[in-house]
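Engineer: Structure in structure tokens, see below.
The values are calculated or read from the model by the stated rules, or taken from the named source; none is laboratory data. No experiment lies behind these values; they were computed from the predicted model shown. As a convention, Cβ positions derive from the backbone with ideal geometry for all residues, glycine included, and neighbour counts pool all protein chains shown.
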Amino acid sequence: MSRVLLFTGKGGVGKTTLSAATAASLAAHGRKALVVSTDPAHSLGDALDVRLGAEPSEVDGSGGLFACQIDPRGLVDEAWGELRGHLRTVLAGAGVDELDAEELTVLPGVEELLALAEVRRLAASGPWEVVVVDCGPTAETLRLLSLPEAFAGYLERLFPTHRRVVRGLLAGVAGTGTVEKWDATADALSRLAERLDALRSMLADPSSCSVRLVLTPERVVAAETRRTLTALALQGIRVDSVIANRLVPSPGAARGAAATWLRTRRQEQDAVLAELTGIGEIRTVDHRASEPVGVTALLEVADQLYGDADPLPGDAEAASMLEVSGSGRGLDARYSLRIALPLADDTELDLARVGDDLALTVDGRRRLVALPSLLRRCIVTGAEMDSGGVTVRFRPDPSLWR
């Protein structure tokens, strides 16, 4: 399985250029690298100055750098068509009108989901050591990365695993009329479930997948970057670095209107970066006089971005998001659950108990956190948040504590 680096950021910050530069640098240092675009805008070919298709092709003749632009529409026609046919059969047999069944099987987000599945297929089957992904803007990427878990949840609710295993016994219940049709549907659903599990595993494994956030040193962009860091941490996805792009050069001791403008602008940018302290490593790239197009120009960008450092991050172990502590015995015991998340001062946080889970909503993004067995028999008594996460306090529930 190839390493996967996902580049994202607010639209227009230069993530396509930096993802292409990273792949070019990896190839120049002897690694086979594939750079892939899932961004509907598809400007990767323009950055590399080559024509790209849906299948990987060699870029510079060195045998190290390859690129492609994923065609989500083609993937839908090829991979989703079979399953849609099976689902229409099940829905129509269950009494859903044929037209409604057709509409119900056109699921929002399926194109993005299949694009992500294609990234995993390329990473698992190709000869590349690294797959660099030029993702869409931040909001689209966050939605993209949450789709495998969301789809898996919907699939399990609609067609639970135990029903798919029973297979032919439920043919009559589903109204399909024949055992063979239900078996074919169960097989298709099981294959989809396996792909979703594989995607979730890839995204959650910090040793095989990580995200690089690209920003320009502007307050609005920096604020979105902070929220993105929180959202990715909430999903359990590793961010290995943040890249600040297009820093204007310092004019030094030069005088004149142009030098004054450059000095003022650079001071503003430095102030924004200073406010981002505490979010981890921030690499910087200067604003260039000419647009970097083609492998040679991209390698110059990569030289400034990485210097002598390896563009490929080192292996990382999954950091535990949850930590339980407590003291006391019996009903007098008191416990705390620490949920590690990078939080800004203006973060909107909401907590709710849902059965054995804790529903954590951060700036409108919700995740169910499975409580450790000890805390499932406890009552939430309070919570506090700081820049490093949330601490939830518990005490034993007298009706459950034995």
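Engineer: Would you point out the residue of the stretch 56-68, among those that are part of a loop (DSSP other than H, G, I, E, B) and either in contact with a helix residue (DSSP H, G or I) (Cβ under 9 Å, 6 or more places away or on another chain) or modelled with pLDDT of 90 or more (or both), that is surrounded by the fewest Cβ atoms within 10 Å (Cβ to Cβ)?
Structural biologist: So, considering only residues that are part of a loop (DSSP other than H, G, I, E, B) and either in contact with a helix residue (DSSP H, G or I) (Cβ under 9 Å, 6 or more places away or on another chain) or modelled with pLDDT of 90 or more (or both), the one surrounded by the fewest Cβ atoms within 10 Å (Cβ to Cβ) is Gly63.
Engineer: If you take the residues of the stretch 251-298 that are basic (Lys, Arg) and under 18 Å from Thr17 (Cβ atoms), which of them is nearest to the chain's Cα centre (by Cα)?
Structural biologist: The extreme case among them is Arg283.
Engineer: Output yes when any residue across the stretch 8-15 is assigned to a strand (DSSP E or B), out of contact with any Leu (no Cβ under 6 Å at 6 or more places or on another chain) and of a type outside the set (A, V, I, L, M), and no when none is.
Structural biologist: Checking the stretch 8-15: at least one residue is assigned to a strand (DSSP E or B), out of contact with any Leu (no Cβ under 6 Å at 6 or more places or on another chain) and of a type outside the set (A, V, I, L, M).
Residues are listed down the side, and each one gets a yes or a no for (1) part of a loop (DSSP other than H, G, I, E, B); (2) crowded, with 20+ Cβ neighbours inside 10 Å; (3) at pLDDT 70 or above; (4) of a type outside the set (Phe, Trp, Tyr):
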{"position": "Gly168", "(1), (2), (3), (4)": "no, no, no, yes"}
{"position": "Thr176", "(1), (2), (3), (4)": "yes, yes, no, yes"}
{"position": "Leu199", "(1), (2), (3), (4)": "no, yes, yes, yes"}
{"position": "Met202", "(1), (2), (3), (4)": "no, no, yes, yes"}
{"position": "Thr225", "(1), (2), (3), (4)": "no, yes, yes, yes"}
{"position": "Gly236", "(1), (2), (3), (4)": "yes, no, yes, yes"}
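Engineer: Shifting gears a bit: Do any residues in the stretch 27-56 that are polar (S, T, N, Q) have Cβ atoms under 9 Å from those of residues that are assigned to a loop (DSSP other than H, G, I, E, B), where the two are at least six apart or on different chains, and which pairs are they?
Structural biologist: If the second residue must be assigned to a loop (DSSP other than H, G, I, E, B), the pairs left are Ser37/Ser43; Ser37/Leu52; Ser37/Ile70; Thr38/Ile70.
Engineer: Quickly run through the stretch 242-281 and pick out the residues that are modelled with pLDDT under 90, in contact with a strand residue (DSSP E or B) (Cβ under 9 Å, 6 or more places away or on another chain) and either outside any loop (DSSP other than H, G, I, E, B) or surrounded by fewer than 13 Cβ atoms within 10 Å (Cβ to Cβ) (or both).
Structural biologist: Selection gives Pro249, Glu281.
Engineer: Taking the condition of being within 17 Å of Gly326 (Cα to Cα) and not in a strand (DSSP E or B), how many residues in the stretch 378-397 meet it?
Structural biologist: 1
Engineer: Let me ask something else. Specify the residue that is surrounded by the fewest Cβ atoms within 10 Å (Cβ to Cβ); the eligible residues are those in the stretch 386-401 that are of a type in the set (A, V, I, L, M, F, W, C) and over 35 Å from the mean Cα position of the chain (by Cα).
Structural biologist: Leu400
Engineer: Let me ask something additional. Give, as residue ranges, the helices (runs of 4 or more DSSP H) completely inside the stretch 69-144 that count at least 2 residues that are surrounded by 13 or more Cβ atoms within 10 Å (Cβ to Cβ) and modelled with pLDDT of 70 or more.
Structural biologist: 110-125
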